[in-house]
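Visitor: Take this structure, written in structure tokens, and hold onto it; I'll ask about it next.
The values are calculated or read from the model by the stated rules, or taken from the named source; none is laboratory data. Everything numeric here is computed off the predicted structure, so don't read it as measured data. Every residue, glycine among them, receives a Cβ derived from its backbone with ideal geometry; neighbour counts consider all protein chains shown. Protein only, heavy atoms only, side chains kept; ligands, DNA and RNA dropped before computing areas. Shrake-Rupley method; radii C 1.70, N 1.55, O 1.52, S 1.80 Å.
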Amino acid sequence: NTLSLHDDLPICVPLYLAFPVQLALLWGFATVWQGEAGAMTRSGWILSMALTLGGYGIVIAHELVHRRSRFESWLGRLLLMMVLYMHFAIEHVRGHHATVGTDADPASARAGQTVYGFVLRSVLGQFASAWRLEAERLARRGRAPLSAANELLRMAAIQAGWLTAIGWAF
């Protein structure tokens, strides 16, 4: 028994609203940042945005990149774009789920590893894994890794465009 999109819509609405809500929060953050504020106020803003984007955006993006719908998967990628972490969509689905809990998984912490050591190894390792996974995918199709067919390079271009738009707007 499968749900149609219409049947599933009430469940999906909060997920679909994540992108416009997160975009509005970032816009508001960038707008107030330009005003007068002390170091403590600015520190609070930064912490609030980091917790919101990480706790709200990445968690919902994680759910969405697992979806089969192209719309939902790309909505997840757009949430990841806002935190410059789009490579997660490649590495998590195609890498992490195949290697979870093994030494080959950069997203699995090692026994006794500090949170700082884990974050550094995980972020760099997930990017390297995403590159390897994408290069392998392209090789199976007879394509070069340095081509427009490379999803990771397209994601990097999208993120560069995002940063350019932010710089231009503010």
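Visitor: Return the residue satisfying two criteria in turn: it lies in the stretch 73-123 and is surrounded by 18 or more Cβ atoms within 10 Å (Cβ to Cβ) and acidic (D, E), and of such residues it is farthest from the chain's Cα centre (by Cα).
Guide: Across the stretch 73-123, the extreme among qualifying residues is D105.
Visitor: Suppose we keep only residues that are assigned to a helix (DSSP H, G or I) and in contact with a helix residue (DSSP H, G or I) (Cβ under 7 Å, 6 or more places away or on another chain) within the stretch 98-132. Which one would you say is farthest from H62 (Cα to Cα)? Steps first, please.
Guide: At the first step, the residues of the stretch 98-132 found to be assigned to a helix (DSSP H, G or I) are 98-99, 115-132.
Applying the additional criterion that residues be in contact with a helix residue (DSSP H, G or I) (Cβ under 7 Å, 6 or more places away or on another chain) yields 126-127, 129-131.
Working: Q126: 14, F127: 16, S129: 17, A130: 15, W131: 19 Å.
It comes out as W131.
Visitor: Here's something else I'd like to know. Taking the stretch 145-156 as the search range and keeping residues that are surrounded by 11 or more Cβ atoms within 10 Å (Cβ to Cβ) and of a type outside the set (K, R), which one is nearest to A104 (Cα to Cα)?
Guide: It comes out as L152.
Visitor: Right, next: Looking at V65, V59, can you tell me which residue is under 16 Å from H87 (Cα atoms), within 14 Å of the chain's Cα centre (by Cα) and open to solvent by 30 Å² or more (accessible area, probe 1.4 Å)?
Guide: On the way: V65 fails: open to solvent by 30 Å² or more (accessible area, probe 1.4 Å).
From the options V65, V59, the qualifying one is V59.
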